[in-house]
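Below is one structure; the comments refer to it alone.
Readers should treat all values here as calculations from the given coordinates under stated rules, not as data from a laboratory. Here the structure is a predicted model, which is why all the values come from computation and not from measurement. Cβ: placed from backbone, ideal geometry, glycine included. Neighbour counts: every protein chain shown.
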Amino acid sequence: MQRWRVPLGFACASVFMLLARPRPLTLAIGALVAAGGLLLRAWASGHIRKNDALAVSGPYAFTRNPLYLGSFILGLGFTVAAGRWLLLGGAFALLFFGIYLPVMRVEAQTLVELFGDDYRRYARAVPLFFPRLTPYRAAGQKAIKFDSELYLRYREYRAALGLLIALGVLALKAALMN
């Protein structure tokens, strides 16, 4: 499933574009929602040190999977922008959770193997996906600040570029529909 995520995402985005009925208001609201997801992804990318250290700071203090939560919010924003949020939002949520819940579980097992009891304690305190209201604080945890170099290393700016392209296509479709 891991290697099919991105191609399947592009295929679904293409179908969503075909079914889209955007209007200026849905574009504006959807862009704001999607921007929230984009900001969450950016924040998360500046706190994760993949496979080197257990990420428990920043958004990882609220959810174990802020990158996926950001993607989910981004996708919901896209469905709102498309003007078909009930149809497309429902289909998106089913596909998203059908694909990413198993991925999150596999990744959690990998983190248990890498970080053992530290991850187990963290997993008991922090939800897999939907965030907790107060930040998790690990015993002896030192404050870790956002690292913009990580944001660039993980090429998170590509999500922003993708969103701009998608919104541009939807805006063009909205203009052509009027």
Study note, to complete from the structure: Burial-style ranking of 49-59, 106-116, average other-beta-carbon count within 10 Å with highest first, yields 49-59, 106-116
Check your understanding: Per-residue HN-Hα couplings for the range 110-126, Karplus 6.51 cos²θ - 1.76 cosθ + 1.60 at θ = phi - 60°, whole Hz, x for Gly and Pro?
Key -> 4, 5, 4, 5, 7, 10, x, 5, 4, 5, 4, 4, 4, 5, 5, 9, 10
Point to revise | ³J(HN,Hα) computed for each position of the range 146-160 - Karplus, 6.51 cos²θ - 1.76 cosθ + 1.60, integer Hz, glycine/proline x | key: 4, 10, 5, 5, 5, 3, 6, 4, 7, 6, 5, 4, 5, 5, 5
Practice item. Once you have a ≥ b ≥ c as the square roots of the Cα gyration tensor eigenvalues for the range 1-85, tell me rounded if a/c is under 1.5, and otherwise prolate or oblate according to whether a/b is larger than b/c. Key: oblate
Study note, to complete from the structure: Restricting to aspartates and glutamates and to Cα separations under 19 Å from Lys142, and discarding same-chain partners fewer than 8 apart, the set is Asp52, Asp117, Asp118
Point to revise | Net charge dipole size for the chain [Lys, Arg +1 and Asp, Glu -1 on Cβ; Debye, nearest 20] | key: 160
Review point. Which one of Ala174, Val126, Ala53 is farthest out on the positive end of the charge dipole of the range 2-177, using unit charges on Cβ (Lys, Arg +1; Asp, Glu -1) and the Cα centre as origin?
Key: Ala174
**Study point:** Dipole-positive endmost among Thr63, Phe78, Gln141 within the range 2-177 (Cβ charges, Cα centre)
**Key:** Phe78
Check your understanding: Kirkwood Rh, Cα Rg: Rg to Rh for the chain?
Key -> 1.01
Study note, to complete from the structure: Phi-derived 3J(HN,Hα) across the range 11-19 with the Karplus relation (6.51, -1.76, 1.60, θ = phi - 60°), rounded Hz, x for Gly and Pro, is 5, 5, 4, 5, 5, 4, 4, 5, 7
